[in-house]
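The values are calculated or read from the model by the stated rules, or taken from the named source; none is laboratory data. Note that the structure is a prediction, hence the values are computed from the model and not measured. Heads up, the Cβs are rebuilt from the backbone with ideal geometry, glycines too, and the neighbour counts pull from every protein chain shown. SASA here: full protein model, heavy atoms, side chains in, ligands and nucleic acids out. Shrake-Rupley method; radii C 1.70, N 1.55, O 1.52, S 1.80 Å.
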Amino acid sequence: MEVFAERLRSLRKERRLSQKEVALDLGVSQALLSHYERGIRECGLEFLGRISEYYGVSSDYILGRSNSKTGSLFLDKDKGFIQIMNAMQIVLDRLIESG
């Protein structure tokens with residue numbers, strides 16, 4: 001839950017948006033968005049989908065299951081392989097972001 005709250009807040013701040021702007025865009029109250037960002041309340045699946053689409057990131061990233069904003073496609077049981085592939089995906093994400 002902590003990772004979700006931190007990433008939600010971080011994504012908003014990266015785009016220099018206010019809670020009011022994001023809440024209005026997503027059709028929720030500013031108070032509810034604030035509760036999500038502070039980890040006071042948990043969101044439902046519908047909101048998770050909307051917020052992922054809104055920020056253009058995977059739900060795995062928002063939930064802290066991946067450090068790549070586009071998420072990981074690798075679900076192999078080999079932890080070393082997953083870590084290498086996730087690191088490669090992060091590098092690719094950064095290259096794409098930088099143009």
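Within region 26-50, being farther than 20 Å from E2 by Cα and surrounded by fewer than 14 Cβ atoms within 10 Å (Cβ to Cβ) holds for G27, S29. Look at region 48-59: where a residue is at positive phi, no partner that is among the polar types (S, T, N, Q) and surrounded by fewer than 16 Cβ atoms within 10 Å (Cβ to Cβ) sits 6+ places away or on another chain with Cβ atoms under 9 Å. If you check Y54 against the conditions, is it open to solvent by 60 Å² or more (accessible area, probe 1.4 Å) and modelled with pLDDT of 95 or more? For Y54, the condition - open to solvent by 60 Å² or more (accessible area, probe 1.4 Å) and modelled with pLDDT of 95 or more - is met. Looking only at residues in region 67-84 that are modelled with pLDDT under 80 and surrounded by 14 or more Cβ atoms within 10 Å (Cβ to Cβ), the one that is nearest to E2 (Cα to Cα) is N67. Within region 15-25, restricting attention to residues that are in contact (Cβ under 8 Å) with a residue 12 or more places away in the chain and loosely packed, with under 15 Cβ neighbours inside 10 Å, the residue that is nearest to D60 (Cα to Cα) is R15. Taking G56, is it within 21 Å of V91 (Cβ to Cβ) and within 9 Å of the chain's Cα centre (by Cα)? In short, yes. Of all residue pairs spaced 6 or more apart or on separate chains, those with beta-carbon atoms under 7 Å, a first member in region 1-14 that is not hydrophobic (A, V, I, L, M, F, W, C) and a second member that is not in a helix (DSSP H, G or I) are E2/G39; R7/G64. Out of curiosity, is Y36 at pLDDT below 95 and hydroxyl-bearing (S, T, Y)? For Y36, the condition - at pLDDT below 95 and hydroxyl-bearing (S, T, Y) - is not met.
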